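Visitor: Starting off with a structure, shown below.
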Amino acid sequence: MTKLDREATEDTDRALRTQGEVEAHIRAICFKTGPPTLIGTELEWTLHHSSAPEAPLDPDHLGHVLGRHAPATLGRGHPPDPLPAGGTLTIEPGGQLEISSAPATSTAALHAAVTADLDHLTALLSAGGLRLGEDGIDRHRSPRRLLGTPRYTAMERAFDTHGPHGRVMMCSTAGLQVCLDAGTPAELPVRWAAALALGPPMVALFANSARHAGRNTGLASARMAAWWGMDPRLTHPPVGPAADPAGAWVRYAMAAPLLCVRRDDGCWDPPPGVTLADWAGGALPQQLTTSDVEYHLSLLFPPVRPHGYLEVRYLDAQPGERWIAPVALFAALFGDPDTTGAALELARPVAGRWRSAYRNGLRDPALRRTATALAELATDRLDLPPDLSTDVIETVHRRLHHATVTDQT
């Protein structure tokens, strides 16, 4: 290990004086390789009044309802307690709630933990007259920012220069994220490539966000359309040789424009057009540090983001307990190298069909065929109790059957 590599893995916040130091730090923290053993999920939902889902949310009321679990961004003045099974509760700019699970060693253990946390959360919300949404986008309300932090204010202004999609993403969308170990160095290129290639067929299979702000958009996934319509330097997949995922990610991160520059005066707007590479080259007066780089990485939103592990970010939120269906499929498809390789080969022919995925979903015949083949490959390998496996298989078959029936009518 070189001196640069050793310094890149240090936990302390330190100055980064050259582009080489910046790139080494990104490589060190974003791809932590080893035998894949853990799985996790991050579940977002839009939030609504039970009796009037189109009514705006009130942050003070929400903070009161969540009590000791209220995220710090609601201004409750104390660190939030974790949920009963160890999940962390956060809130997005438009009031969407998110449970980030603790890592689990099996899909069954993950299901048990998230179910306990979700039951606790829904009980709290119900007592306060609130409920979680069931779609990947707010079907009732136009985008409205609930949180006024410097981060979200700077993000909104930066997004507005590229059109309306950024506000929709921030305030109206809800996604389901699957968190997978990166794997060993030998496994990483295939796992990374498969996570990206599976995007279009899996977006199509689980798309449920056609209706937004009271109207039918005509899209299978208006949520994914919003993400895709933003600045592609922030939301489209990294491009690079399949054998070097870390290199592709470093180039992506360095070329991405800054969304926030943290300052003490409360205004975090960056100079227009400045990238991380520009900052590393001295474009800003303040010295770039490791925490600045890590903060910048948290503001990149591609379909798959390396976060030490692989964070699959392209799925619509699913209603109620049905979140387990896509998570179980991904766990099965990434359960062993042979299956992951087979999934990648099935998905390669449609790997670039992102636009058709969010526009047409399973009405696209090629995406439907691929989604069906992936589902068959996965459902033969589910590592779940029999009753839960049956629920997953029935959920997937209903989605495929509904698309076929719709296509024929």
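Visitor: Test of understanding: among Gly136, Gly87, Gly129, which residue is touching a residue at least 40 places away in the same chain (Cβ under 8 Å), of a type in the set (Gly, Ala, Ser) and crowded, with 18+ Cβ neighbours inside 10 Å?
Guide: Gly136
Visitor: Tell me yes or no: at least one residue of the stretch 277-292 is within 27 Å of Thr105 (Cα to Cα), surrounded by fewer than 22 Cβ atoms within 10 Å (Cβ to Cβ) and charged (D, E, K, R).
Guide: no
Visitor: For the subset of the stretch 219-240 comprising residues that are free of Cβ contacts under 8 Å to residues at least 40 places away in the same chain and not in a helix (DSSP H, G or I), which member is farthest from the chain's Cα centre (by Cα)?
Guide: Here the residue is Gly240.
Visitor: Can you confirm whether Arg68 is basic (Lys, Arg), surrounded by 13 or more Cβ atoms within 10 Å (Cβ to Cβ) and over 20 Å from Cys179 (Cβ atoms)?
Guide: no
Visitor: What residue, of Arg6, Arg76, Arg17, is modelled with pLDDT under 95, in a helix (DSSP H, G or I), among the basic types (Lys, Arg) and surrounded by fewer than 20 Cβ atoms within 10 Å (Cβ to Cβ)?
Guide: It is Arg6.
Visitor: Let me ask you something else. Within the stretch 241-249, identify whether any single residue is within 23 Å of Asp338 (Cβ to Cβ) and in a helix (DSSP H, G or I), and answer yes or no.
Guide: yes
Visitor: Write out, first by first residue and then by second, each pair whose Cβ atoms fall under 8 Å of each other, whose residues are 6+ apart or on separate chains, and whose first residue, in the stretch 27-47, is without any contact (Cβ under 8 Å) to a residue 60 or more places away in the chain while the second is not small (Gly, Ala, Ser).
Guide: Ala28/Asp5; Ala28/Thr9
Visitor: Report yes if Thr370 is under 24 Å from the mean Cα position of the chain (by Cα), part of a helix (DSSP H, G or I), in contact (Cβ under 8 Å) with a residue 40 or more places away in the chain and closer than 20 Å to Gly40 by Cα, otherwise no.
Guide: Against the criterion (under 24 Å from the mean Cα position of the chain (by Cα), part of a helix (DSSP H, G or I), in contact (Cβ under 8 Å) with a residue 40 or more places away in the chain and closer than 20 Å to Gly40 by Cα), Thr370 does not qualify.
Visitor: Within the stretch 301-339, can you find the residues that are assigned to a helix (DSSP H, G or I), buried (at least 22 other Cβ atoms within 10 Å of the Cβ) and among the β-branched types (Val, Ile, Thr)?
Guide: Hits for the stretch 301-339 are Ile324, Val327.
Visitor: Continuing with the same structure: One residue is enough: does the stretch 54-70 have a residue meeting the conditions under 25 Å from the mean Cα position of the chain (by Cα), closer than 30 Å to Val293 by Cβ, assigned to a helix (DSSP H, G or I) and modelled with pLDDT of 95 or more?
Guide: No, the stretch 54-70 contains no residue that is under 25 Å from the mean Cα position of the chain (by Cα), closer than 30 Å to Val293 by Cβ, assigned to a helix (DSSP H, G or I) and modelled with pLDDT of 95 or more.
Visitor: Further question: Only residues that are of a type outside the set (Val, Ile, Thr) and more than 24 Å from Thr115 (Cα to Cα): list them for the stretch 63-85, please.
Guide: Correct list: Leu74, Gly75, Arg76, Gly77, His78.
Visitor: Just name the residue that is surrounded by the most Cβ atoms within 10 Å (Cβ to Cβ) out of those in the stretch 142-173 that are among the hydrophobic types (A, V, I, L, M, F, W, C) and closer than 12 Å to Ala226 by Cα.
Guide: Met169
Visitor: I'd like to check which strands (runs of 3 or more DSSP E) are fully inside the stretch 91-182 and have at least 2 residues that are farther than 29 Å from Ser51 by Cα and within 18 Å of the chain's Cα centre (by Cα).
Guide: Numbers: elements: 97-100, 130-132, 175-180.
Fully inside the stretch 91-182 and qualifying: 175-180.
Visitor: OK, next. So, of the residues in the stretch 108-123 that are without any contact (Cβ under 8 Å) to a residue 24 or more places away in the chain and not polar (S, T, N, Q), which turns out to be surrounded by the fewest Cβ atoms within 10 Å (Cβ to Cβ)?
Guide: Ranking the candidates gives Ala123 first.
Visitor: Quick one: which of Arg211, Arg262, Arg157 is touching a helix residue (DSSP H, G or I) at 6+ places or on another chain (Cβ under 7 Å), of a type in the set (Lys, Arg) and closer than 29 Å to Thr73 by Cα?
Guide: Arg262
The values are calculated or read from the model by the stated rules, or taken from the named source; none is laboratory data. Small disclaimer: the values here were computed from a predicted structure and weren't measured. Every residue, glycine as well, gets a Cβ built from its backbone with ideal geometry; the counts of neighbours run over all protein chains shown.
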